[in-house]
Amino acid sequence: PLVNNTDGFYPKVTWIPYPKTGQKNSACRAGVVDVETEKTQWIELPGDSRNHYLARMEWADSSQELLLQQLNREQNTNLVMLYDVGQRKLNLVITERDEAWVDVEDDLHLVNEGKRFVWISERDGWKHIYLVSRDGTKTTLASPGDFDVI
């Protein structure tokens with residue numbers, strides 16, 4: 001439970017559903033709502049929705065593409081995907097893996113007129129900046145060296 005002792009004279013208890021050992025995990029899904037038709041276009045994400053987290057979701061450079069990050073339950077694999085709303089197509093852009101765990105990246109920035117985006121990764125043992133093409137076919141290390149980018 002979450003106990004709020006600061007908003008009034010009496011504490012307020014809010015129960016947060018969190019699965020315990022042996023219980024089913026919560027499932028999640030993502031969709032895009034058409035404001036004109038009010039219909040939801042559900043996105044078919046890979047894997048079992050009860051064993052993955054939808055860690056981040058943000059619009060790319062328009063309301064036609066959505067960037068999604070999906071973690072596995074162990075949080076050692078992050079799939080970065082680009083969803084084309086018009087074509088209803090989900091494309092895998094990056095698969096980030098680590099033996100221990102991977103960090104979820106906030107605020108992916110598109111650069112080069114939207115042709116690439118900035119990705120921060122520790123894949124070479126240091127926290128570096130990479131430039132990744134929208135389709136994921138080209139990844140360029142932008143900050144080489146034996147140091148971490150902060």
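Readers should treat all values here as calculations from the given coordinates under stated rules, not as data from a laboratory. Given the structure is predicted, the values throughout are model-derived calculations rather than measurements. Please note: Cβ atoms are built from the backbone with ideal geometry, for glycine as well, and neighbour counts cover all protein chains shown.
Numbers at a glance
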| read-out | value |
| --- | --- |
| Distance (nanometres) between label positions extended 7 Å along Cα→Cβ at GLU122 and ASP48 | 2.8 nm |
| FRET E, pair ASP61, VAL104, Förster distance 22 Å, beta-carbon r, rounded to 0.05 | 0.60 |
| Rounded if a/c under 1.5, otherwise prolate or oblate - the range 5-46, Cα gyration tensor axes | oblate |
| For the chain, size of Cβ-based charge dipole, Lys and Arg +1, Asp and Glu -1, in debye | 560 debye |
| Cα-Cα P(r), the chain, percent of pairs per 5 Å interval | 2, 8, 15, 17, 16, 13, 11, 9, 6, 3, 1, 0 |
| Share of pairwise Cα separations in the range 22-109, more than 15 Å, in percent | 60 percent |
| Gain on full stretching of the segment that runs from GLN75 to ASN4 - 0.36 nm per residue minus C-alpha separation | 22.6 nm |
| Relative contact order (%) - criterion: Cα under 8 Å, at least six apart; region: the chain | 11 percent |
| Spin-label pair ASP135/ILE16, simplified geometry with 7 Å Cα→Cβ offset, distance in nm | 4.2 nm |
